[in-house]
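A short write-up of the structure that comes next.
The values are calculated or read from the model by the stated rules, or taken from the named source; none is laboratory data. Quantities reported herein were computed from a predicted structural model and do not represent experimental measurements. Because the Cβ atoms are built from the backbone with ideal geometry, glycine has one as well, and the counts that use them run over all protein chains shown.
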Amino acid sequence: MNIDACYQLGYVIKKHGVKGEVSVLLDVDFPEEYSELESVFVEINQKLVPFFIESIQIRDDKAVIKFEDIDDGPSADELKAKRVFLPLSTLPDLEPGKFYYHQVVGYTVKDLTLGEVGTIMGIFTSNMQDLITVDHNGTEILIPINDDIVHDADHENKILNVDLPEGLMDVYLS
């Protein structure tokens, strides 16, 4: 499996107990939707390795996972800090106009008032505020992601429609 055909589900925080279980921080909006996973890919030495799941328990934004053939603490310790992935094909379809962050990288940002703002270079996620990074003629612009600012995505034309707060562009261009 190629990493470009996957999305990051989370990463292994630490071993959990002595029987080979690991604690995985899930970087998803609805962790409970992943309670029936049968397998995942774990990034080891920059390659995605399939791991089959013997059991999984979702606890808030974490999962305690017992992988097949990982039966002791030292084996589980080797997975610490490894990133966990799933194929993009497993993502549920979204309503028209909605988007997953990975989908809009490379899209053009179009403001209701200003018109074309620039090209999306990436998305920063944090506990406080997710931000869209836009290249505006060589200047990096950060746009907060919330429903008042980010309206919808036109996937056919690769455009993200926004309504920027007054003065936001001035902060970066002056």
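Below, the figures for the structure above:
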{"read-out": "Within segment 104-124, considering residues that are β-branched (Val, Ile, Thr) and out of contact with any helix residue (DSSP H, G or I) (no Cβ under 6 Å at 6 or more places or on another chain), the one surrounded by the fewest Cβ atoms within 10 Å (Cβ to Cβ)", "value": "113"}
{"read-out": "Where residue 46 falls short, out of the listed (1) touching a residue at least 24 places away in the same chain (Cβ under 8 Å); (2) out of contact with any strand residue (DSSP E or B) (no Cβ under 9 Å at 6 or more places or on another chain)", "value": "(1)"}
{"read-out": "Residues (polar (S, T, N, Q) and at negative phi) located in segment 7-52", "value": "8, 23, 35, 39"}
{"read-out": "Any hit, segment 131-140, residues being of a type in the set (S, T, N, Q) and touching a helix residue (DSSP H, G or I) at 6+ places or on another chain (Cβ under 8 Å)", "value": "yes"}
{"read-out": "Strands (runs of 3 or more DSSP E) enclosed by segment 133-174 - at least 2 residues per element that are of a type in the set (D, E, K, R) and either exposed (fewer than 13 other Cβ atoms within 10 Å of the Cβ) or in the same structural domain as residue 122 (by TED's automatic domain parsing) (or both)", "value": "150-154"}
{"read-out": "Cβ-Cβ under 7 Å pairs, at least 6 apart or on other chains, segment 73-99 side on the phi > 0 side of the Ramachandran plot, far side not in a helix (DSSP H, G or I)", "value": "81/11; 81/12; 97/152; 97/153"}
{"read-out": "Among residues of segment 55-82, those that are out of contact with any strand residue (DSSP E or B) (no Cβ under 8 Å at 6 or more places or on another chain) and either not assigned by TED's automatic domain parsing to the domain that holds residue 22 or not acidic (Asp, Glu) (or both), counted", "value": "3"}
